[in-house]
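Novice: A single structure is presented below for examination.
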Amino acid sequence: MSDGTPDGIAKLRHDLRTPLTVVIGFAEILSGERALTDDERRDYAQRVLSAGIEMRELIDSARLD
Amino acid sequence: MSRILVVDDDHNLRELVAIRLQKAGHRVLTAASAGEALAIVDQRGAPDLVVLDVLMPGMSGFELLPALRSIDGMQDLPAIFLSGRVEEHHIRTGRSMGAVYLTKPFSANALTKTIEKLEQRDVAAAPAGW
């Protein structure tokens, strides 16, 4: 959890990078790959959703002020 | 085409990297920790290249790479660090180990191009486990 200190904010910035990579990466695949099966589309969309929820939880738990 | 071991404690990130590399024609195995990675190498033999997260519970990627390179025949193992740590001292540490250091969020194109460059090194014949 970020505690508003420079170290805490640096940690939050680091912690957000992995789920952000997941969101961007799977969204790129979903938008750019035409040959995906329905199961693959559902799986990748679920991964975008779970990474988005993880980011929301990180932000909600951070005390930035 | 290379045999690539991807090590990251985040399951979605591992899957994303594996999908991207498989689509580029590589054979990919994944591990959730350094211990799992060492066990895979023990069972399946040496990969051509490793993609390592830096901060993981237990042994970090910076500790795992020397451990892998201490294994017979893996002294020159090419490595890519894929990390959320963007501080200069982390990048310097990774590069000082002769590895490529990419920061998250990375572009799939940058990752595959980096692997192509590393592949220009001599690639050993595939062990039976791969």
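The values are calculated or read from the model by the stated rules, or taken from the named source; none is laboratory data. Because the structure is predicted, anything quoted here is derived from the model rather than measured. For neighbour counting, all protein chains shown are included, and Cβ atoms are generated from backbone atoms with ideal geometry for every residue, glycine included.
Novice: Given the options A:Asp7, A:Asp15, name the one that is farther than 23 Å from B:Ala110 by Cβ and either touching a Pro at 6+ places or on another chain (Cβ under 9 Å) or assigned to a helix (DSSP H, G or I) (or both).
Specialist: On the way: A:Asp15 fails: farther than 23 Å from B:Ala110 by Cβ.
Being farther than 23 Å from B:Ala110 by Cβ and either touching a Pro at 6+ places or on another chain (Cβ under 9 Å) or assigned to a helix (DSSP H, G or I) (or both) holds for just one of A:Asp7, A:Asp15, which is A:Asp7.
Novice: Among (1) modelled with pLDDT under 95; (2) exposed (fewer than 12 other Cβ atoms within 10 Å of the Cβ); (3) not aromatic (Phe, Trp, Tyr), which single condition is B:Val86 missing?
Specialist: (2)
Novice: Here's a follow-up. Pairs under 7 Å by beta carbon, first residue over 30 Å from B:Arg20 (Cβ atoms) in the stretch A:1-24, partner among the hydroxyl-bearing types (Ser, Thr, Tyr) and at pLDDT 85 or above, six or more apart or different chains?
Specialist: Once the first residue is over 30 Å from B:Arg20 (Cβ atoms) and sits in the stretch A:1-24, its partners that are among the hydroxyl-bearing types (Ser, Thr, Tyr) and at pLDDT 85 or above give A:Met1/A:Ser61.
Novice: Kindly provide the set of residues from the stretch B:49-85 that are in a loop (DSSP other than H, G, I, E, B) and among the aliphatic types (A, V, I, L, M), ordered by number.
Specialist: Just the residues of the stretch B:49-85 that are in a loop (DSSP other than H, G, I, E, B), to begin with: B:53-60, B:70-78, B:84-85.
Of everything in the stretch B:49-85, those that are in a loop (DSSP other than H, G, I, E, B) and among the aliphatic types (A, V, I, L, M) turn out to be B:Val54, B:Leu55, B:Met56, B:Met59, B:Ile71, B:Met74, B:Leu77.
Novice: Restricting the search to the stretch A:20-63, which residues are surrounded by fewer than 14 Cβ atoms within 10 Å (Cβ to Cβ), hydrophobic (A, V, I, L, M, F, W, C) and closer than 16 Å to B:Asp10 by Cβ?
Specialist: A:Leu49, A:Ile53
Novice: Any idea how many residues of the stretch B:94-113 are in contact (Cβ under 8 Å) with a residue 12 or more places away in the chain, in a helix (DSSP H, G or I) and surrounded by fewer than 18 Cβ atoms within 10 Å (Cβ to Cβ)? Give the derivation first.
Specialist: From the stretch B:94-113, those in contact (Cβ under 8 Å) with a residue 12 or more places away in the chain are B:94, B:97-104, B:106, B:108, B:111-112; that's our starting set.
Checking which are in a helix (DSSP H, G or I) leaves us with B:94, B:108, B:111-112.
In the following step, the residues that additionally are surrounded by fewer than 18 Cβ atoms within 10 Å (Cβ to Cβ) were identified as B:112.
Of the residues in that region, 1 qualify.
Novice: Part of a helix (DSSP H, G or I) and surrounded by 22 or more Cβ atoms within 10 Å (Cβ to Cβ): which single residue out of B:Leu38, B:Leu16 fits that description?
Specialist: Matching residue, one of B:Leu38, B:Leu16: B:Leu16.
Novice: Out of the residues in the stretch B:50-75 meeting the condition of being farther than 10 Å from B:Val7 by Cα and touching a Leu at 6+ places or on another chain (Cβ under 7 Å), tell me which one is farthest from the other protein chains (Cβ to nearest Cβ).
Specialist: B:Met74
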